[in-house]
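Undergrad: My questions all concern the structure below.
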Amino acid sequence: EALGVTAILCLSGLPADLTASILAHEAMHAWLKLHPNFRYREQLPLRVEEGLCQLVAFLFLNDGLDPLEEDEGMIGFYAEEERQKQSLENESIPSDVKLRQYFKFCIETDQSVYGEGFRLAARAYASMGMQELLYYVALNHDFPPDNFS
């Protein structure tokens, strides 16, 4: 049976950082389906696959996008004047910085299988890095135990 990926779909009209993190997550699903080390008849457990995908989305939000500043593209007096004008007009619209922080917070605190998998993947990533983590998961179809070295 040939495995393949025919499309990655994402809703339009979402904030740019959310769209980027969704596409990073979905690209990781595609990578897992296409990489020869992960072509098994038996799928990875949902917690493991979604955890890895959420880890990639989180890392992309954290390190893969350009740093944001509240007054990006503005300088001096005009930046402050524009910021005050925008804050009066759009008090309820969060900045891109706040949105990015919120998207990361949502991944970190999710109580579903996605969040559980992310926290396990993040702990393993912090101790062994991405390459070793993916190698371990390919061999064991699970995350390493916390005491794994």
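The values are calculated or read from the model by the stated rules, or taken from the named source; none is laboratory data. Just so it is clear, the structure is predicted and the values come from calculations on it, not from any experiment. For neighbour counting, all protein chains shown are included, and Cβ atoms are generated from backbone atoms with ideal geometry for every residue, glycine included. Side chains are part of the model used for accessible areas, which takes the heavy atoms of the whole protein and leaves out ligands, DNA and RNA. Shrake-Rupley method; radii C 1.70, N 1.55, O 1.52, S 1.80 Å.
Undergrad: Do you know which residues across segment 11-41 are in contact (Cβ under 8 Å) with a residue 12 or more places away in the chain and of a type in the set (S, T, N, Q)?
TA: Across segment 11-41, the qualifying residues are SER21, ASN37.
Undergrad: If we only count helices (runs of 4 or more DSSP H) wholly inside segment 9-112, which ones have 2 or more residues that are modelled with pLDDT of 95 or more?
TA: Answer list for segment 9-112: 16-34, 46-59, 96-109.
Undergrad: Between residues in segment 91-102 that are closer than 13 Å to ALA16 by Cα and charged (D, E, K, R) and residues that are in a loop (DSSP other than H, G, I, E, B) and open to solvent by less than 100 Å² (accessible area, probe 1.4 Å), which pairs lie under 6 Å by C-beta distance while being six or more apart or on different chains?
TA: These pairs meet every condition: ASP96/LEU68.
Undergrad: Just to be sure I understand, how many residues within segment 93-133 are among the small types (Gly, Ala, Ser) and under 14 Å from PRO145 (Cα atoms)?
TA: Number of matching residues: 6.
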